[in-house]
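The values are calculated or read from the model by the stated rules, or taken from the named source; none is laboratory data. Here the structure is a predicted model, which is why all the values come from computation and not from measurement. Note: ideal-geometry Cβ built from the backbone for every residue, glycine included; neighbour counts use all protein chains shown.
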Amino acid sequence: MDKQQLWVLDGGMGRELARRGAPFRQPEWSALALIEAPQTVTEVHQAYVASGAKVITTNSYALVPFHIGDERFAAEGEALAALAGKLARDVADEHANAVRVAGSLPPLFGSYRADLFEAARVSELALPLIRALSPSVDLWLAETMSLIAEPLAIKALLPEDGKPFWVSFTLEDETLGSEPTLRSGERVADAIDALVAVGVDAILFNCCQPEVIEAALQVASDRLSALGRADIRLGAYANAFPPQPKEATANDGLDEIRADLGPLDYLGWAERWRAAGASLIGGCCGIGPEHIQALSTRLR
């Protein structure tokens with residue numbers, strides 16, 4: 001398949017659930033609706049498909065102890081992940097193979113928190129999610145990765161199922177105008193090298209400012225060209241938050257949504273990402289169906 005063929009991804013789940021009146025609070029985040037109002041999760045998936053998304057992501061991002069606690073994760077985590085997979089699969093199956101399901105494999109120890117990563121616990125937390133999602137997903141998406149080591153550890157646990165493996169890194173928001181880095185401080189170029197070495201099908205950047213993504217895509221594109229790996233796709237899905245400082249964590253409360261990232265504003269950034277080589281484009285926190293509608297209508 002042509003690497004440059006555009007695939008429109010979906011947008012954020014948590015804020016859209018809240019907007020639709022689903023139960024929503026910290027620390028459970030988007031997991032709460034999965035537990036108490038799963039029909040709302042289905043409605044959000046359907047809204048993104050109706051807006052033109054060709055890839056929808058399972059609502060499994062918050063199914064880690066960081067959000068639901070160790071006790072609930074041990075007792076219910078795998079069952080909840082299976083439900084998240086089924087809800088997305090059922091919506092995709094309504095569209096005759098036109099919609100793919102990405103299995104969200106989240107940062108296992110907290111968004112943006114590279115400092116909390118524990119290599120010895122990766123299998124304990126990742127394997128239940130992988131087992132539960134496996135029957136329902138078309139591809140694996142390790143998303144909002146803050147450091148290189150985490151997606152490498154996840155890749156080693158995935159089944160030999162032939163499904164594509166996508167990795168999406170979150171970038172340091174304060175690097176505008178300088179070399180883009182992951183939130184760990186590691187260079188984007190080094191992340192590209194590491195992922196190519198273990199076999200990756202797509203590299204994306206998400207849950208960070210749209211302003212910092214273009215430079216990261218340019219670095220990634222140049223590095224893939226140097227490595228002779230033009231077959232690896234690039235993508236982006238930014239959030240609508242103000243810049244997040246180095247000490248930020250994603251579970252301290254609800255961030256404000258920027259007033260300058262309406263659907264057409266966001267489209268402008270997406271056009272720049274497209275020009276920089278991205279062929280997988282969607283949205284993260286605060287980016288809703290109306291944004292995805294603009295992307296699917298105008299980018300084509």
When residues of region 157-194 are limited to those that are without any contact (Cβ under 8 Å) to a residue 12 or more places away in the chain and among the small types (G, A, S), the one nearest to V101 (Cα to Cα): G162
Residue within region 88-98 that is without any contact (Cβ under 8 Å) to a residue 24 or more places away in the chain, within 26 Å of L147 (Cβ to Cβ), surrounded by fewer than 18 Cβ atoms within 10 Å (Cβ to Cβ) and out of contact with any Leu (no Cβ under 7 Å at 6 or more places or on another chain) present: no
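How many residues does region 104-124 hold that are out of contact with any Leu (no Cβ under 7 Å at 6 or more places or on another chain) and more than 22 Å from D173 (Cβ to Cβ)? Give the steps one after another, and end with the answer.
Of region 104-124, the ones out of contact with any Leu (no Cβ under 7 Å at 6 or more places or on another chain) are 106-107, 111-113, 115-116, 118-121, 124.
Then keep just the ones that are more than 22 Å from D173 (Cβ to Cβ); that gives 118-121, 124.
Of the residues in region 104-124, 5 are out of contact with any Leu (no Cβ under 7 Å at 6 or more places or on another chain) and more than 22 Å from D173 (Cβ to Cβ).
Being surrounded by fewer than 21 Cβ atoms within 10 Å (Cβ to Cβ), touching a Lys or Arg at 6+ places or on another chain (Cβ under 7 Å) and of a type outside the set (K, R): is that true of L139 here?
Values: surrounded by fewer than 21 Cβ atoms within 10 Å (Cβ to Cβ): yes; touching a Lys or Arg at 6+ places or on another chain (Cβ under 7 Å): yes; of a type outside the set (K, R): yes.
Yes, satisfied.
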Complete set of residues in region 254-270 that are among the hydrophobic types (A, V, I, L, M, F, W, C) and modelled with pLDDT of 95 or more: L264, L267, W269, A270
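Restricting to region 221-239, name every residue that is over 19 Å from L9 (Cβ atoms), small (G, A, S) and touching a residue at least 12 places away in the same chain (Cβ under 8 Å). Show your work before the answer.
At the first step, the residues of region 221-239 found to be over 19 Å from L9 (Cβ atoms) are 222-231.
Subset that is small (G, A, S): 225-226, 228, 230.
Listed by number, the list holds a single entry, A230.
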Single residue of region 36-64 satisfying the filter (touching a Lys or Arg at 6+ places or on another chain (Cβ under 8 Å) and of a type outside the set (K, R)) that is farthest from A22 (Cα to Cα): V55
Evaluation of A202 against (1) crowded, with 20+ Cβ neighbours inside 10 Å; (2) closer than 20 Å to I287 by Cα (one fails), failing number: (2)
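Going by what's in this entry, would I35 be described as buried (at least 21 other Cβ atoms within 10 Å of the Cβ) and more than 17 Å from the chain's Cα centre (by Cα)? Give the derivation first.
On the way: buried (at least 21 other Cβ atoms within 10 Å of the Cβ): no; more than 17 Å from the chain's Cα centre (by Cα): yes.
Here the answer is no, as I35 does not meet what is asked.
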Inter-residue pairs, beta-carbon under 8 Å, first more than 18 Å from G185 (Cβ to Cβ) and in region 104-123, second among the charged types (D, E, K, R) and modelled with pLDDT of 95 or more, 6+ apart: S104/E143; L105/E143; P106/E143; L108/R121; L108/E150; V122/E150
